[in-house]
1. Mind scanning Lys42/Lys153; Lys41/Lys84; Lys137/Lys180; Lys42/Lys84; Lys136/Lys168 and naming the pairs with a C-alpha gap bigger than 21 Å?
2. Sort Arg175, Arg44 by accessible area with a 1.4 Å probe, largest first.
3. Kirkwood Rh over alpha-carbon pairs of the stretch 1-54, then Stokes-Einstein at 37 °C and 0.692 mPa s: what D in µm² s⁻¹, rounded to an integer?
4. Quick one: length gained pulling Tyr78 to Lys63 fully straight, 0.36 nm per residue minus the C-alpha distance?
5. At a probe radius of 1.4 Å, what is the per-residue accessible area of Lys41, in Å² to the nearest 10?
6. Accessible area, 1.4 Å probe, largest first: how do Lys63, Lys147, Lys136 sort?
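The values are calculated or read from the model by the stated rules, or taken from the named source; none is laboratory data. The structure displayed is predicted, hence computed values, not measured ones. What goes into the accessible areas is simple: the full protein's heavy atoms, side chains included, and nothing from ligands, DNA or RNA. Shrake-Rupley method; radii C 1.70, N 1.55, O 1.52, S 1.80 Å.
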Amino acid sequence: MSDYQRYPDSQLVSLTKLGDTDAYTEIYNRYFRLMFTFGFKKLRDEDLAKDYVQELFVGIWEKRSELNEETNFAAFLYVALRSKIFNYYAHQKVENKYADFLAFHVSIAAPEQSDHLIRDKQLNEYIEKQIQALPKKMRRIFELSRKEHLSHKEIALIVNTSEFTVSKQISNALRIIRSKTGRAITVLIVSIGLKDAGQITDFL
């Protein structure tokens with residue numbers, strides 16, 4: 001057993017704030033499974049739960065200087081992950097409203113185009129375009145994860161990097177893609193001739 005495994009959370013947090021990667025790794029090992037279990041219970045999707053937990057820990061490292069060693073760290077993690085999941089469902093609700101809006105208007109403007117065409121074909125093509133626009137290494141890692149369904153350990157071996165780098169690259173890719181997929185709705189509206197994007201505001 002390493003000394004780090006004996007340290008309380010507060011000491012690990014203090015060391016992480018100073019850039020101690022071993023302390024950070026111990027925090028990760030200590031809480032990843034708990035956070036994943038919590039996330040999976042809320043999301044019922046293993047890949048999505050893993051992505052959000054990875055994103056949570058990447059954020060902890062990136063913002064380590066803001067950590068408070070006097071805070072109940074376990075409670076902090078649960079609250080932070082719960083907030084991410086809440087935002088996910090809130091975003092999904094908005095996306096569903098967009099989809100319903102498009103389905104209704106497309107059925108009027110272009111009856112030959114089905115909901116399946118709009119939701120699956122055009123939107124998926126837009127998302128794929130965003131994936132292809134990612135930096136080369138990030139795209140490679142993301143595709144190995146989401147398309148080849150490889151584990152982070154397997155990906156790390158293939159691209160000759162660390163599992164931490166893999167998780168960070170995937171989280172960054174997801175952040176980029178999520179930030180741009182909302183724009184797809186406006187693109188689709190214009191493509192089917194619905195110039196007044198302000199209608200969406202009224203719909204929401």
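1. Those over the limit are Lys42/Lys153.
2. Details: Arg175 100, Arg44 165 Å².
The ordering from most to least exposed comes out as Arg44, Arg175.
3. Working: Rh = 12.0 Å.
Estimated via Stokes-Einstein, D reaches 274 µm²/s.
4. Here the answer is 3.7 nm.
5. Its accessible surface works out to 130 Å², give or take rounding.
6. I get Lys136, Lys63, Lys147, largest accessible area first.
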